[in-house]
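Report on the structure given below.
Bear in mind that the values in this text are calculations on the coordinates, not laboratory data. Model, not experiment: these values are computed from the prediction. Cβ sites come from the backbone with ideal geometry, for glycine too, and all protein chains shown count toward neighbours.
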Amino acid sequence: MATGGGEDTTDEAINKKEEQEAEAVFLSYTFHMTTMRSENEDSRPLRDEIDVRQRDSVIDNLGKQLATIGDDIYKQHEKTFDNFLRELNPNLDNAYDIFKKIASSVFETEVNWGRILTLLGFGYRMAVYIWRKGQHGFLKRIARCVARYLVESSIARWIARQGGWGTVLTLTNYGFRYALMALGVVLIMQFVMRRLSSPGQ
C-alpha cells in the first residue's frame, strides 16, 4: 500500500509534466499564430519571446494545427476580441485574475476541444494586447497561467483521457469553427451581464 507522501509525489510529477506540456503547446501555438499573421505588425514582436530551439517536432505540429484553426477564427472575430480586451483592459498586474475569470466562464458547462482552443486563443490575444501597450515579457507568464489553469481545473486530465494533445492532429477545422463562433458570442454576453450586475459597477 502506497503512502500518502508517495501518492502526492506521483501526482506532483504528473501535474508538473502536464504543465510543461501545456506550456510548450501554447508557446508553439503562439509562435505559429504570429508567423501566419506576420502581416499584422502588432503580432510580430511576440516571436522574439519564444525560444524556437526548445520546440520539438511533435509540439511544433500540434501548435501549427491549433494555430491554423485559430487563425481562421480570428480573421473573422479579431475586432470583437480586441474590443472585448479594451473593455477588460488587462495589464501585467491584473492579467491572471482576468484570465482566470474568462477561463472559468469558458469551461463553466463543459470541456471540449473548441473551448480549449478558445482558452489558447484568448491567451494569445491578451498577450498581443499587452504587448501593444508596451509591456513586454508577458507571453511566458500567460503560458504558465494557461498551463496552471489546465492542470488545476483537471482539464489536462480530460485531454489525457482523449488520447493527449496529439488528438488535435486528427480533428477537423469545422468542428472547432462551429464551437468557437458560438462560444465567442456567449462568453462576451456572459461577461458583460455579470459585470453589469456586480455591485459597485
Q | Estimated distance in nm for a label pair at THR170 and SER154, the labels positioned 7 Å out from Cα along Cα-to-Cβ | A | 2.4
Q: Compute the length gained on full extension between THR10 and ASP93: take 0.36 nm times their separation in residues and subtract their Cα-Cα distance, giving the result in nm to one decimal.
A: 26.6 nm
Q) Where does each of 100-109, 23-32 land if you order them by average Cβ count within 10 Å, highest first? A) 23-32, 100-109
Q. Using 7 Å Cα-to-Cβ label points, what is the LYS79/LYS101 separation (nm, one decimal)?
A. 2.6
Q | Residues ARG132 and ASP60, FRET efficiency given R0 of 25 Å [Cβ-Cβ distance, rounded to 0.05] | A | 0.40
(Q) So for each of 136-142, 165-171 I average, over its residues, the number of other beta carbons within 10 Å; can you give me the resulting order with the highest mean first? (A) 136-142, 165-171
